[in-house]
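What follows is calculated from the coordinates using simple rules that are stated; it is not laboratory data. All figures in this text were calculated on a predicted structure; none of them were measured in a lab. Every residue, glycine among them, receives a Cβ derived from its backbone with ideal geometry; neighbour counts consider all protein chains shown.
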Amino acid sequence: MERMIKVEEIEKLAELSRIEVPEEEKKTLASDIEAILEYISQIQEVASVEPESVAGEQRNVMREDGTPHKSGLHTENLLNAAPKREKNYFRVKKILSQD
C-alpha cells in the first residue's frame with residue numbers, strides 16, 4: 001500500500017469533523033494517518049493468513065444421561081442445613097425495599 005495522504009484530504013477530514021487544523025500541523029497529521037493506515041494494512045495481512053496446523057484437537061467429552069434421582073430426595077437435608085427455614089423454603093434477609 002504505497003499511497004500518501006494528501007493535505008487536501010486532511011483539510012476535507014477536518015472540515016467534515018468540524019475541527020480547525022493549523023497549517024503547520026497538516027503535514028504531520030498526514031504522515032501520522034499514513035502510519036496508522038499502514039499499520040492497519042499489516043494487521044489485515046496477518047489476520048487473513050490461515051493457520052497451517054492446529055496445536056491440539058479439542059472436543060467435548062459427553063457422558064450418557066443416567067436416571068436422575070427422585071425429585072425431592074435431598075430437599076429435607078438441604079433445608080435442615082440452612083441457617084433459617086420457613087416451611088419448604090430458605091429464609092433469607094430482605095434486601096429489597098418498597099421505598
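Taking loop as defined by DSSP and a crowding limit of 14 other beta carbons within 10 Å, which GluC sites (Glu not before Pro) in segment 1-41 fit?
Filter output for segment 1-41: 2, 20.
Relative to the longest principal Cα axis of the chain, at what angle does helix 23-47 sit, 0 to 90 degrees, rounded to 10?
Taking the Cα atoms of the chain, the angle to 23-47 is about 50 degrees.
As a test of the formula, what do you get for the chain when each DSSP H run with n ≥ 4 contributes -39,500 (n - 2.57) and the sum is divided by the residue count, at 222 nm and rounded to the nearest 500 deg cm²/dmol?
-14000 deg cm²/dmol
Helix 7-17 versus the longest principal axis of the chain: what angle, 0 to 90°, nearest 10, using Cα atoms?
40
Within the chain, what is the number of lysine pairs with alpha carbons under 16 Å apart, leaving out pairs fewer than eight places apart on the same chain?
Count of close lysine pairs: 6.
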